[in-house]
2 protein chains.
Amino acid sequence: MTEATRRERLRAETERDIRRTARALLVERGADAVTLRAIARAVGITAPALYRYYDSREDLLARLCDDICGDLDRALSAELDAQASDDVPAQVFAVGRRFRKWALAHPSEFALVFASTDGRVKEEGDQFGKIFLQLAAGLVAAHPFPKPVPEDVPESLEADLRAFQHVMIETVRERGVEIDEDVLHLGAIYHILQSWVRLYGHVALEVFGRFPFVVSNPEAMFDRMLGQMLGELSLTHRPDRP
Amino acid sequence: MTEATRRERLRAETERDIRRTARALLVERGADAVTLRAIARAVGITAPALYRYYDSREDLLARLCDDICGDLDRALSAELDAQASDDVPAQVFAVGRRFRKWALAHPSEFALVFASTDGRVKEEGDQFGKIFLQLAAGLVAAHPFPKPVPEDVPESLEADLRAFQHVMIETVRERGVEIDEDVLHLGAIYHILQSWVRLYGHVALEVFGRFPFVVSNPEAMFDRMLGQMLGELSLTHRPDRP
DNA sequence: GAACTCGGTAAACACCGTTCACTGAGGCCG
DNA sequence: CGGCCTCAGTGAACGGTGTTTACCGAGTTC
């Protein structure tokens with residue numbers, strides 16, 4: 001079964017140990033506590049040995065980011081799959097709430113991945129692509145926008161949005177879903193982008209405690225924001241009204 | 001003229017030196033470079049001497065945050081004062097753009113004040129109150145919302161919003177402007193809050209490079225967002241249309 | 001002028017990331 | 001099997017960090 005040599009197995013095992021330990025330190029005691037010596041101590045080796053696995057502490061943190069992104073991706077995807085495939089509002093609420101809950105429960109990890117100045121994450125927005133991009137596209141694919149967003153996008157944004165449109169269509173296609181440009185139109189792309197701005201904005205403000213006043217019930221505010229975002233998409237399935 | 005003793009003058013001067021040096025290190029070489037020894041070296045004293053001025057490095061950073069908030073407050077206020085007092089859209093654009101430009105030009109300071117997990121800023125959202133709160137309230141005071149926002153706020157948010165309403169009214173009053181509850185109604189409060197979410201969200205995403213794809217013209221996107229926020233307030237002064 | 005305050009110092013402690021020469025077990029090949 | 005090579009892991013060291021301690025000496029007060 002195991003093709004790997006003894007050495008390779010041991011190495012893989014140690015690497016898992018290192019990542020798990022580093023992750024635990026990050027979660028339990030903050031980013032400053034993720035120390036090479038502390039990790040080594042917990043794993044049962046010495047600090048210089050870690051350099052057989054990572055180029056530097058910064059490199060280790062970068063890989064930790066990848067792990068975190070992967071986990072978050074899986075958690076959100078699982079949440080999405082748990083919803084009825086035709087109930088888009090339920091999907092949006094489920095994924096949005098889960099993201100918020102995760103961020104609040106793991107502030108250090110959130111800060112590391114979503115609010116670090118040093119470009120720890122490989123490429124611009126790459127990690128995010130894996131997480132939300134396909135979810136958003138999948139949502140639209142599963143339930144196309146019933147009407148085009150009235151206002152059209154300004155010329156200065158069109159090129160960017162069109163590029164993003166192709167990325168999203170391609171991403172969704174890799175998951176086996178075909179979606180047309182007319183369905184995932186530029187207005188929809190822009191709205192998805194703005195939704196991310198609001199989602200991220202609320203969560204980050206809450207995690208960092210930077211709301212301008214004490215919000216005693218942030219969950220209600222968050223839910224209302226999600227509902228508003230859905231409403232602007234005319235996705236709320238309100239039956240015809242006068 | 002100077003009532004202070006020689007010692008007091010020297011102490012105040014040294015303290016200014018320390019803060020200025022720390023600030024320079026933060027701006028030019030990042031938060032990690034703000035080292036007690038580096039500060040001391042530049043000021044011309046030794047590291048332990050800094051403990052005569054601050055309890056710890058963390059304490060020093062907290063006071064640095066205060067300085068930054070104060071400077072930002074002054075910069076934004078100046079920007080506001082430079083606008084025609086009756087042109088609310090111009091004021092919003094000016095202040096919003098200035099905040100974004102500042103954040104992009106001073107990422108370390110932005111991260112320290114607006115995206116640090118440790119509660120470096122004194123009380124929840126206190127610093128922010130000084131900066132944006134009064135500006136937002138001032139904007140509304142200078143040009144009341146022409147129509148009440150149609151949707152009313154949910155019950156679960158009403159208490160929080162009402163508290164915030166009073167804080168804003170009080171804050172503006174201290175600046176000599178009287179504003180009524182009917183003008184700064186709960187719908188307006190909620191919209192201000194949501195505007196902050198979007199403003200902060202966009203700026204933070206841009207500073208941290210966490211947009212889901214490369215935005216080649218973020219300024220245009222930002223301006224559009226501001227315009228949209230204004231439009232939702234019916235503040236764009238569009239003359240009557242068919 | 002004595003007593004006191006207090007900013008500044010040097011030395012030390014425990015920690016940090018990182019480098020380096022070295023060891024010794026694992027794996028490969030004749 | 002023996003010899004060689006690879007490489008995870010080591011201990012010592014370097015220069016850096018925040019922080020504590022005992023001490024000095026100028027500034028201030030009485």
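Of (1) more than 8 Å from DNA strand D (Cβ to nearest atom); (2) more than 14 Å from chain A (Cβ to nearest Cβ); (3) in a helix (DSSP H, G or I); (4) in contact (Cβ under 8 Å) with a residue 12 or more places away in the chain, residue B:74 satisfies all except one. Which?
(4)
Can you find a residue in the stretch B:100-114 that is under 19 Å from residue B:26 (Cα atoms), not acidic (Asp, Glu) and not in a helix (DSSP H, G or I)? Show your work before the answer.
Our first condition is that a residue be under 19 Å from residue B:26 (Cα atoms); within the stretch B:100-114, this holds for B:100-114.
Filter once more, keeping what is not acidic (Asp, Glu): B:100-108, B:110-114.
Still in the list and also not in a helix (DSSP H, G or I): B:106.
Yes - at least one qualifying residue is present in the stretch B:100-114.
Sort out which residues of the stretch A:150-183 are more than 14 Å from chain B (Cβ to nearest Cβ) and either in contact with a strand residue (DSSP E or B) (Cβ under 6 Å, 6 or more places away or on another chain) or not in a helix (DSSP H, G or I) (or both), and write them in order of number.
Within the stretch A:150-183, A:175, A:176, A:177, A:178, A:179, A:180, A:181, A:182, A:183 meet the criteria.
Tally time: how many residues in the stretch B:196-230 are within 16 Å of residue B:107 (Cα to Cα), of a type outside the set (Phe, Trp, Tyr) and touching a residue at least 24 places away in the same chain (Cβ under 8 Å)?
Total meeting the criteria: 6.
With the requirement that a residue be within 12 Å of DNA strand D (Cβ to nearest atom), of a type outside the set (Val, Ile, Thr) and part of a helix (DSSP H, G or I), what does the stretch A:22-56 give you?
Answer for the stretch A:22-56, where residues must be within 12 Å of DNA strand D (Cβ to nearest atom), of a type outside the set (Val, Ile, Thr) and part of a helix (DSSP H, G or I): A:32, A:36, A:37, A:40, A:41, A:47, A:48, A:49, A:50, A:51, A:52.
Filter the stretch A:5-34 for residues that are within 11 Å of DNA strand C (Cβ to nearest atom) and within 14 Å of chain B (Cβ to nearest Cβ) and give the result. First the steps, then the outcome.
The initial filter retains those residues of the stretch A:5-34 that are within 11 Å of DNA strand C (Cβ to nearest atom), namely A:5-11, A:22, A:25, A:29, A:31-34.
Scanning the stretch A:5-34 gives A:29, A:31, A:32, A:33, A:34.
Looking at the stretch A:95-114, which of its residues are closer than 15 Å to residue A:196 by Cα and without any contact (Cβ under 8 Å) to a residue 24 or more places away in the chain?
Of everything in the stretch A:95-114, just one residue is closer than 15 Å to residue A:196 by Cα and without any contact (Cβ under 8 Å) to a residue 24 or more places away in the chain, namely A:98.
Only the coordinates and a few stated rules stand behind these numbers; no lab work does. These figures come from a predicted structure and were not determined experimentally. In this analysis, Cβ positions are derived from the backbone assuming ideal geometry, glycine residues included, and neighbour counts consider all displayed protein chains.
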